[in-house]
Amino acid sequence: MRSPTTQTLEIQVADAARALAALGLVDAFGHVSARDADHMVITPAADLATVAASDCLRVPLTATALPSGCPAEAWAHLALYQRYPTTGAIARAQPAASLAVGMRTDRFAPTHGQACWLGDSIPVYPSALLVREADRGRRLAEAMGSADAMILRGNGAIAMGSDPATAVATMSVLAAACTVWLQTRDEPVAAMSAEEIRSWQAVKHELLPRLGAHLLRKATTTRLTR
């Protein structure tokens, strides 16, 4: 696999999309995008396991209409890029555990070290309405707050990263955090202290890209051995 610096964004986005599928984080629905100056590159409305770089679409960040073949929830991606200028990529997926968490709480704290990379706490977007309009996209972006990931009640999750691989890593960490939270929510647990959370967040930019590269390699190996 080529390094991100030698790949076009379309290749990075398509690789990340197929990784989400291979890792079991999406079913027939989901999308990946990446910022490219004043545009975003996004996967089409299609099964992510089948997406190729040539299938990806380019959409202006100031778009007032979506091109043919673009997923309607691209409005959420556009709103997040507009609100968070340092965000480089976004992954939208449906980890099974996120659906259960979204039914039980409106926010939860990091459950383990890597979960601290998601933020001081992880919000749950309160509406299960599909985000298929610009106004709903803006409301979703506002609800993200300072976190890098959010549960969408009844509708999976959305995660941000510096590039497509780290967006996949963020989504994977969120899925694990949801699973751990569900397994421990009825038991006494030792909460992560503010000092512990900060110590993990301090190494996020060093370790999260490593996790992203590992997950894309793992996903590629999984596809080749099937």
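The values are calculated or read from the model by the stated rules, or taken from the named source; none is laboratory data. No experiment lies behind these values; they were computed from the predicted model shown. Glycine gets a Cβ as well: all are built from the backbone with ideal geometry, and neighbour counts include every protein chain shown. Heavy atoms of the whole protein, side chains included, go into the accessibility calculation; ligands, DNA and RNA do not. Shrake-Rupley method; radii C 1.70, N 1.55, O 1.52, S 1.80 Å.
What ratio of Cα Rg to 2.2 N^0.38 Å holds for segment 1-75? Let's see the in-between values first.
Working: Rg = 11.9 Å, N = 75, 2.2 N^0.38 = 11.3 Å.
With N residues counted in segment 1-75, Rg over 2.2 N^0.38 Å equals 1.05.
Tell me, what ³J(HN,Hα) does each residue in segment 130-144 have, in order and in whole Hz, if you take phi through Karplus 6.51 cos²θ - 1.76 cosθ + 1.60 with θ = phi - 60° and put x for Gly and Pro?
Calculated HN-Hα couplings, in order: 5, 8, 10, 9, 4, 4, 5, x, 5, 5, 4, 4, 5, 6, 4 Hz.
Quote the relative contact order of the chain in percent (integer), defining contacts as alpha-carbon pairs under 8 Å separated by 6+ residues. Don't skip to the end; give the middle numbers.
On the way: 437 pairs, mean separation 48.8, N = 226.
Reported as a whole number, the value is 22 percent.
Compute the Kirkwood hydrodynamic radius of segment 39-89, taking the inverse of the mean of 1/r over all pairs of distinct Cα atoms, and give it in Å to one decimal. Display every interim value, and only then the final one.
On the way: mean 1/r = 0.0876 Å⁻¹.
Final number for the Kirkwood radius of segment 39-89 is 11.4 Å.
Can you give the FRET efficiency to the nearest 0.05 for residue 206 and residue 83, using r as the Cβ-Cβ distance and R₀ = 25 Å?
Computed FRET efficiency for residue 206 and residue 83: 0.45.
Roughly how far apart, in whole Å, are the Cα centres of segment 131-195 and segment 1-73?
Using only Cα atoms, the two centres lie 20 Å from each other.
Hey, what's segment 75-226 come to in accessible area per residue, 1.4 Å probe, Å²? If you can, show how the numbers build up before the last one.
Numbers: 7280 Å² over 152 residues.
That works out to 48 Å² per residue.
When DSSP beta bridges are limited to those with both residues in the chain, what percentage is antiparallel, rounded to the nearest 5? Intermediate values should be presented prior to the final figure.
Details: 22 of 24 bridges.
Of the beta bridges lying entirely in the chain, close to 90 percent run antiparallel.
If you take the beta carbon distance between residue 64 and residue 29 as r and set R0 to 25 Å, what does 1/(1 + (r/R0)^6) give as a FRET efficiency, to the nearest 0.05? It would help to have the intermediate numbers written out before the result.
Working: r = 24 Å, r/R0 = 0.97.
Given R0 = 25 Å and the Cβ-Cβ separation, E is 0.55.
Using Cα springs under 10 Å in a Gaussian network model of the chain, which residue among 12, 201, 183 shows the largest mean-square fluctuation?
Maximum fluctuation in the GNM of the chain, among the listed residues, is at 183.
If I model a spin label at residue 199 and residue 183 as a point 7 Å from the Cα along the Cα→Cβ vector, what separation in nanometres do I get?
A separation of 2.2 nm, rounded to one decimal place.
With θ taken as phi - 60° and the coefficients 6.51, -1.76 and 1.60, list the Karplus ³J(HN,Hα) couplings across segment 23-36 in order, rounded to whole Hz; mark glycine and proline as x.
3J(HN,Hα) across segment 23-36, in whole Hz: 7, x, 8, 10, 10, 7, 10, x, 7, 10, 9, 9, 7, 9.
Largest first, how would 62, 179, 170 line up by accessible area (1.4 Å probe)? Walk me through the numbers before you get to the answer.
Numbers: 62 115, 179 60, 170 5 Å².
Ranked list, largest accessible area first: 62, 179, 170.
Add -39500 (n - 2.57) for each DSSP H run of 4 or more in the chain, then divide by its residues: what number comes out at 222 nm, to the nearest 500 deg cm²/dmol? Can you show the working numbers first?
Working: 7 runs with 96 residues, N = 226.
That calculation yields -13500 deg cm²/dmol at 222 nm.
With a bin width of 10 angstrom, please list the P(r) values of the chain as percents of all Cα-Cα pairs, from the 0 bin to the one holding the largest distance.
Going out from 0 Å in 10 Å bins, the chain shows 9, 36, 38, 15, 2, 0 percent.
GNM, the chain, Cα, under 10 Å: largest mean-square fluctuation among 37, 45, 175?
Ranking 37, 45, 175 by mean-square fluctuation puts 37 first.
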